[in-house]
1. List the residues, sorted by chain then number, that are 5 or more residues from B:VAL13 or on another chain and whose placed amide H is less than 5 Å from its amide H.
2. Can you give the mean number of other chain Cβ atoms that lie within 10 Å of the Cβ atoms in peptide A:116-126?
3. Would you mind checking which residues have amide H under 5 Å from B:PHE110's amide H? H placed 1.01 Å from N; only 5 or more apart, or other chain.
4. Charges on Cβ only, +1 for Lys and Arg, -1 for Asp and Glu, centred on the Cα centroid of segment B:209-250; of B:PRO220, B:PHE241, B:VAL209, which one is farthest towards the dipole's positive end?
5. Using Cα-Cα distances under 8 Å and only pairs 6 or more residues apart, what relative contact order does chain A have, in percent?
6. Where the label is 7 Å out from Cα toward Cβ, how close does A:GLY34 come to the same position in every other copy, in nm, shortest first?
7. Count neighbours as other Cβ atoms within 10 Å of each site's Cβ, and list the GluC sites (Glu not before Pro) in segment B:120-168 that are DSSP loop with at most 15 such neighbours.
8. Return the average number of partner chain Cβ atoms within 10 angstrom of each residue Cβ along peptide A:88-101.
Number of protein chains: 2
Amino acid sequence: MRIAQISPLMEAVPPKLYGGTERIVAYLTDALVGMGHKVTLFASGDSVTAASLAAACPQALRLDPTIRDHLAPLIAMLEIVAQRAGEFDVIHLHCDYLGYLALRRAGTPFLATLHGRLDLPELKPLYSVFCDVPVVSISDAQRAPLPQAHYIGTVPHGLPEELLLPGSGTGGYLAFLGRISPEKAPDRAIRIAALAGMKLKIAAKIDRVDQQYFKEQIEPLLAQPHVEFVGEISEAEKSEFLGNAAGLVFPIAWREPFGLAMVEAMACGTPVVAMRNGSVPEVVDEGVTGFIVASETEAALAARRLNQLDRARIRHVFEKRFTAQRMAKDYVSLYHRLIAGLEPERGDMTTKHRDAIAA
Amino acid sequence: MRIAQISPLMEAVPPKLYGGTERIVAYLTDALVGMGHKVTLFASGDSVTAASLAAACPQALRLDPTIRDHLAPLIAMLEIVAQRAGEFDVIHLHCDYLGYLALRRAGTPFLATLHGRLDLPELKPLYSVFCDVPVVSISDAQRAPLPQAHYIGTVPHGLPEELLLPGSGTGGYLAFLGRISPEKAPDRAIRIAALAGMKLKIAAKIDRVDQQYFKEQIEPLLAQPHVEFVGEISEAEKSEFLGNAAGLVFPIAWREPFGLAMVEAMACGTPVVAMRNGSVPEVVDEGVTGFIVASETEAALAARRLNQLDRARIRHVFEKRFTAQRMAKDYVSLYHRLIAGLEPERGDMTTKHRDAIAA
C-alpha cells in the first residue's frame with residue numbers, strides 16, 4: 001500500500017526528547033515500512049525514518065528561532081500533500097484538523113488520528129462541520145466530550161518491541177515519568193509515595209507554560225527526603241529508570257487521552273498504580289499489569305502490593321497489546337476499510353470490476 | 001455579481017474600536033452592496049453589515065473568553081465557504097493564507113487581500129507553494145519582501161466618504177493616531193513635536209504585546225508639558241481629534257503596508273508629516289496632502305510649514321483617491337478580470353458563447 005504519514009512540524013520525527021505525537025508517528029511509520037508498505041513521511045527535515053522523507057521545513061519548528069509564524073510551514077506542507085494526493089492510496093493525518101481543508105477535495109481517502117484532548121468547546125462546532133471526516137481515537141474514553149466526530153476506530157498507541165527492555169524492579173522506588181503539569185499531578189505522586197513509605201524518583205520535562213506551576217506548587221515539595229527530581233530523561237535512559245522501579249505512579253488529574261508512560265513501564269515489566277480517569281481502565285489490566293485506584297490512600301496501599309504482580313507477565317501483556325507492530329496492523333486494517341468504503345462513491349465500473357477480481 | 005467576503009474572526013465587522021482588517025472589510029462590503037452587488041459576509045455574529053451575514057461564531061474571538069483555540073472557528077468557517085462556493089461568482093479572502101487550502105479545489109474564482117507585513121521569512125516557502133493564488137497588495141511597496149506571490153493588482157484602502165468630516169485645524173496641535181508600538185514610533189512623534197515647538201496629542205491603543213514597551217519606553221516621556229496622552233478613541237471621536245489638528249505625525253519606523261491613519265487625516269482635511277518608509281510615498285502627495293521627510297529634524301521643520309497646505313484641497317484629494325467607493329470599484333474590476341481569466345479553463349462552449357455575447 002502507498003501510504004502518506006503527515007506529522008506536525010513542532011518536533012522532529014522522532015523527537016529528540018519528550019514529544020508524544022511525533023514519537024508515535026515515528027513508531028507507526030517504521031512499523032509500516034517493516035511490513036513492506038511504501039510509506040512517505042511528511043515531517044521536518046531533521047527527522048530520521050525508514051520511510052521516504054518529504055521534508056516540509058529544514059528543522060523542527062520548536063528549535064528554529066527564525067520562525068515567528070508556526071502555521072505557515074504547516075499550511076505549505078498540507079498544500080503539497082494535497083497536490084501529491086494521487087500518489088498515495090491513503091493519507092494519514094497527525095496534525096489535527098488543519099489538514100481537513102486541504103484533503104476534503106483532494107480525491108484520496110484520508111483519516112486523522114486525534115492525539116490530544118477533545119474537551120475544548122470550540123471543537124464541537126468544528127466537528128459539526130467536519131462530521132464526515134474519518135477520525136481515529138487513541139482510547140474510547142477520549143471520545144466522550146466530542147461524540148459528533150466520525151470515529152472509525154480506536155487504535156491504542158504502541159512502542160517498538162525492543163525499544164525498552166525488562167528490568168528487575170529491584171531499585172525499590174516508585175517512578176513518575178512525564179511532564180510537570182497540574183493534569184499529570186506530580187504533587188499527588190509525592191504524597192502517595194510518602195503515604196506508602198517509599199522513595200519517589202521524578203523524571204519529567206517542564207514546559208514553559210508550566211514554569212510557574214513548578215516554582216510555586218512542586219519545587220517546595222522536592223526537598224522532602226523521599227523525593228528525588230531527575231529532570232528530563234532521554235529514550236535511552238528510560239529502560240533503566242523504569243526497569244529498576246517497583247512501579248510507575250500515574251496519578252493523573254484529567255481525562256488522559258492515552259498515557260504512553262503506562263505502556264513504557266509495562267515494556268520494562270514494571271507495574272502501574274494509576275488513578276481511574278480517561279484511558280486508564282483501557283490501558284491497565286487490573287491485578288495483572290497494575291492497580292487502578294480512586295484516591296491517594298488507595299494508591300499508597302496498592303503501591304505496597306506491587307511486588308505481588310508478575311513482571312514477566314506484564315512484559316508479555318505489553319508484547320501482546322502495546323507494540324508498534326500491533327498498532328501498525330490496526331491502522332492497516334482501517335486503511336483497507338477506508339479505501340474499500342470510499343470506492344463505491346469515487347470508482348467507476350472498471351475499478352469495481354478490478355476490485356471484484358482482486359477480492 | 002454574487003460576492004463572498006471572508007473576514008478574520010478576531011474582531012467584529014466593523015470592529016468596536018481599533019482593528020484594521022475588519023474595518024476595511026466592513027467598508028468594502030457596504031460599498032459593494034451600495035453598488036448593487038449581492039454580497040455575503042462571513043464574519044463573527046456580532047458584525048453589523050448591509051450584506052447578508054453568515055455568522056461563523058457568536059461573537060468576535062478577541063472578546064470571547066471561552067475560546068482557547070482561535071484557529072478552530074476559522075477553519076470551520078472556511079470549510080463552509082468551500083462547501084457553498086458554487087453560490088458565488090467570486091470569493092474574496094481577508095484572513096490570510098488559511099483560506100487557500102480550502103478554496104484551491106473548490107471550483108470558484110477567489111482572491112486574497114494581503115493586509116499585513118510580508119517580511120516574515122516563513123512566507124517565502126509558503127508563497128512558492130501558493131505561487132498561483134491571485135493576491136492583492138494594499139501598496140506597491142508592500143510587495144518588495146515577497147516578490148514570489150502572484151499579485152494581480154494593488155488596491156489602496158478607502159473610507160466611506162462621509163465617515164469623517166473636514167475640520168478647521170485650529171487646535172494648533174500635532175496628532176498621533178494608532179498603536180503604541182516600536183514600529184509606529186510614538187517616541188519619535190514626541191521628539192518631533194518638541195523640536196517644532198508644538199503640542200502633541202496621542203490617541204493610541206496599547207496591545208498586550210506592547211505593554212512592556214509602553215511602560216519602559218513611552219510612559220516616562222508622557223510627563224513632558226507638550227504631550228497629552230488621550231488613550232484609545234472611537235470612530236466617532238476621530239473627526240474632532242484629527243479635524244482640529246494642525247497635522248498628523250506619522251513617523252513610522254517600519255515598512256508600513258498601508259497606514260490608514262494618513263487617509264483618516266486627509267478625510268478631515270488634515271495634512272500629514274510622514275517618514276519616508278513603505279507605502280508613504282504612494283499615499284501622501286508631497287506638498288499637497290503633506291510632507292514626506294527623512295529625519296526628525298526635517299519632520300519638525302515640515303510641521304512648522306503645515307499651515308501652508310490647503311485643507312479643502314486635501315479633502316478633495318481624499319474624495320478622489322481614498323474613498324470606499326473607489327476601493328470597491330477597483331476590486332470589482334479585479335473580480336471581473338479574475339472571472340474572465342478563469343473561464344477558459346473551467347467553462348464549456350456555452351459559457352464562452354454567453355461571455356462573447358455579453359462582451
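1. HN-HN under 5 Å from B:VAL13: B:SER44, B:SER47, B:VAL48.
2. Values: counts 0, 0, 0, 0, 5, 6, 14, 4, 2, 7, 9.
If you average over the peptide's residues, the count of other-chain Cβ atoms is 4.
3. HN-HN under 5 Å from B:PHE110: B:ILE91.
4. My answer, from the dipole projection, is B:PRO220.
5. Numbers: 709 pairs, mean separation 53.4, N = 359.
Reported as a whole number, the value is 15 percent.
6. Those label-point separations list as 6.8 nm.
7. On the way: sites: B:GLU122, B:GLU161, B:GLU162; in loops: B:GLU122, B:GLU161, B:GLU162.
Taking segment B:120-168 and a limit of 15 other Cβ atoms within 10 Å, the loop GluC sites (Glu not before Pro) found are B:GLU162.
8. Numbers: counts 0, 0, 0, 0, 0, 0, 0, 0, 4, 6, 5, 1, 6, 15.
So the per-residue partner count for this stretch is 3.
The values are calculated or read from the model by the stated rules, or taken from the named source; none is laboratory data. Please read all numbers here as calculations on a predicted model, not as lab measurements. Using ideal geometry, Cβ is built from the backbone for each residue, glycine included, and neighbour counts are taken over all protein chains shown. All accessible areas refer to the heavy atoms of the entire protein, side chains included, with ligands and DNA or RNA removed. Shrake-Rupley method; radii C 1.70, N 1.55, O 1.52, S 1.80 Å.
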